[in-house]
Structures are given as C-alpha cells and as structure tokens.
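Below: the structure, in structure tokens.
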Amino acid sequence: MPHFHARVQVSLRPSVLDPAGEATRAAAGRLGVSGVTRLRIGKAIEVEIEAPDKATAQQQLEFLSERLLANPVIENWTLDLIDTAGGPA
Amino acid sequence: MTIGIVVFPGSNCDRDVRWALEGCLGLPTRFLWHEESDLQGLEAVVLPGGFSYGDYLRCGAIARFAPVLEEVRRFAGEGGPVLGVCNGFQVLTELGLLPGALTRNIGLHFVCEPTPLEVHPGSCRWLAGYQSGEAISLPIAHGEGRYQVQEDLLRQLEENGQVVLRYTANPNGSMGDVAGLCNPRGNVLGLMPHPERACESLTGGEDGLRLLASLLG
C-alpha cells in the first residue's frame, strides 16, 4: 500500500481570541523584541497514512482534518500532502 | 527572617506555602507579585505550584520573563535559597537555574497521589534535615512532571549528586526517576512533589516539614 506524508496546519479563526498568543506576544516584549504586532498560536500536525492512491489519501486527510484535527467553528485548517514515500506494497 | 513567595497569575499553591511556613513553622512570609522586583529583607524565595500564565506555550515558559524572576536569578546567584515546587520547578528549568525540562506524563494522565521518594541530600541546603537514602512520602499533583534531559547531562547530574530526590515507584516516566534536582552550590532546589502539602499529620503526613524547616537554620 502506498504511503503518504502530510502536514495539517490548524489555526484559530481570526475572530477567535487567542489568550496564549497574546501572553506569548507580551513575553516577547519582555525579552526585548518589542515590534511583534501579532502572534497567534496554532498546531502543526504531521500525519503518515497508507492509502491505495493519492486521491484517496487526499480525501481521507480532508475528512480527518474537518472532523477530528480541527473544529471548523473556531479553527481553519490547511492540508499539505508532502510526498509518497513508499511504493505499492 | 521573612520568606518571599512569588505569586504569578495562575499560581494556586501560594497560600498553601504560606500556611506551611507561617502556620506550621512560625516563619513570616511576604507575597511577591510577579511584577515586583524588590527582594530586600528576604531570607529565601519560594516559587509555588500552579499554572503560571495559564502554562501557555509550555509550562513556565511565560513566567520566566516576569520581572520578579530577574531578581530571583540574581538572588540565587548570590547564594540565596530558592525553592521551586511543581510549577515552580518548571519555571526554574525554563529560567535556566536548573537543567532539563518537565514534559507530559508518560501515561498522559494528571497524577494526584502520595508518592514514595528516596532522599539523597548531598550538599542541598534544603534537605539538610534528611538522612541519605531516607524513604519519605510526599504528594504529587501534576500532568507535566516527566523529567527529560540529554543522557550525558543526566549522568553528570547523578555523578555530581544533584539528583537529590528520586521516585521509588516512578509515576510519570521521569528519566533517572528524577523527582527533584539541586544546583551544584546547593541553594536552588526544584521538585515536582509538594512538601508544603505534607506538613501536618492531620492532612497527609509531615514528611515535607523538615524541608521547609531547613529555613530555621
């Protein structure tokens, strides 16, 4: 079975408050980097998946992203299908 | 003699530490708000447990930049006694006063229970009241207490006698069963268990009392 590697980036929707990002931005100022005007914390999720072909992998990863990795009410996600590491089993 | 207790937004053991020091030992204390920078007149400083700044980013990562900690770093550098309990230990590692990091417990659960420990005081001034190899029990209450450090550095810490508290039934996957670490000078101690919650027989034993009583000199 071919093996695919993907990276899913999950970020808070712009309208959602990110207290962790704000606290981290304030800490940046205390470290002496005062020019940080915006800092938002998201998640980068590495996924390795076996699927019969690239289209199926893409479809399953989109399903995962939408239903599990991100909550579309408050989060946006992007999917990057990086490579097809292994050949057919 | 007054003991400073640092209070971050999100600290939740600051009052317990005050009770243990004042109520159980009769030692006066002063709360140090995280924005303060005056340690004048203090004999020792305690960084209590809790969730400083919500533990955003990593445990202790934001607290590290609190103005009061610059002074605590200077105070420790001059040999002043500094104790970090639980979140306070995490802050000490982020601050670089102790090596390594505390990560998510291996079992993924928050663990809250009495834990058997072995004490190896060495030159740690906080543990002078314990025998070498003494078995004690202190409560732990943490989700991120798994001590991690590079293998060679861990060996070095062990050789230096800086691993002053070890779990005898490792509850969180800590490398080397590390429950508490001291700096080479012996004045800075960080530990995940809560000695301040073990200072009265009525509420869970007295095994922590001698640690804080070391301040009585």
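Of all residues in segment B:89-107, those satisfying the criterion of being part of a helix (DSSP H, G or I) and not acidic (Asp, Glu) are B:89, B:90, B:91, B:92, B:93, B:95.
Matching residues to (1) surrounded by fewer than 22 Cβ atoms within 10 Å (Cβ to Cβ); (2) in contact with a helix residue (DSSP H, G or I) (Cβ under 9 Å, 6 or more places away or on another chain); (3) within 14 Å of chain A (Cβ to nearest Cβ):
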{"residue": "B:32", "(1), (2), (3)": "no, yes, no"}
{"residue": "B:41", "(1), (2), (3)": "yes, no, no"}
{"residue": "B:49", "(1), (2), (3)": "no, yes, no"}
{"residue": "B:66", "(1), (2), (3)": "no, yes, yes"}
{"residue": "B:74", "(1), (2), (3)": "yes, no, no"}
{"residue": "B:90", "(1), (2), (3)": "no, yes, no"}
{"residue": "B:96", "(1), (2), (3)": "yes, yes, yes"}
{"residue": "B:108", "(1), (2), (3)": "yes, no, no"}
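Would it be correct to say that residue B:149 is surrounded by fewer than 22 Cβ atoms within 10 Å (Cβ to Cβ), among the aliphatic types (A, V, I, L, M) and in contact (Cβ under 8 Å) with a residue 24 or more places away in the chain? It would help to see each step written out before you state the result.
Numbers: surrounded by fewer than 22 Cβ atoms within 10 Å (Cβ to Cβ): yes; among the aliphatic types (A, V, I, L, M): yes; in contact (Cβ under 8 Å) with a residue 24 or more places away in the chain: yes.
Answer is yes for this residue.
Of everything in segment B:51-64, what is of a type in the set (Gly, Ala, Ser) and either out of contact with any helix residue (DSSP H, G or I) (no Cβ under 8 Å at 6 or more places or on another chain) or within 11 Å of chain A (Cβ to nearest Cβ) (or both)? Give them in sequence order. Across segment B:51-64, the qualifying residues are B:52, B:54, B:61, B:63.
Looking at this structure, is residue A:39 free of Cβ contacts under 8 Å to residues at least 24 places away in the same chain, within 14 Å of chain B (Cβ to nearest Cβ) and surrounded by 13 or more Cβ atoms within 10 Å (Cβ to Cβ)?
On the way: free of Cβ contacts under 8 Å to residues at least 24 places away in the same chain: yes; within 14 Å of chain B (Cβ to nearest Cβ): yes; surrounded by 13 or more Cβ atoms within 10 Å (Cβ to Cβ): yes.
Criteria met by residue A:39.
Out of A:19, A:14, report the one residue that is over 30 Å from residue B:68 (Cβ atoms) and either out of contact with any Gly (no Cβ under 9 Å at 6 or more places or on another chain) or surrounded by fewer than 14 Cβ atoms within 10 Å (Cβ to Cβ) (or both).
A:14
In segment B:76-88, the qualifying residues are those that are in a helix (DSSP H, G or I) and under 23 Å from residue B:19 (Cα atoms), and the one that is nearest to the other protein chains (Cβ to nearest Cβ) is B:87.
Where a number appears in this text, it was derived from the coordinates with a stated rule and is not lab data. If you're wondering where the values come from, they're calculated on a predicted model, not measured in any experiment. Cβ coordinates were reconstructed from backbone atoms using ideal geometry, including for glycine residues, and neighbour counts include every protein chain displayed.
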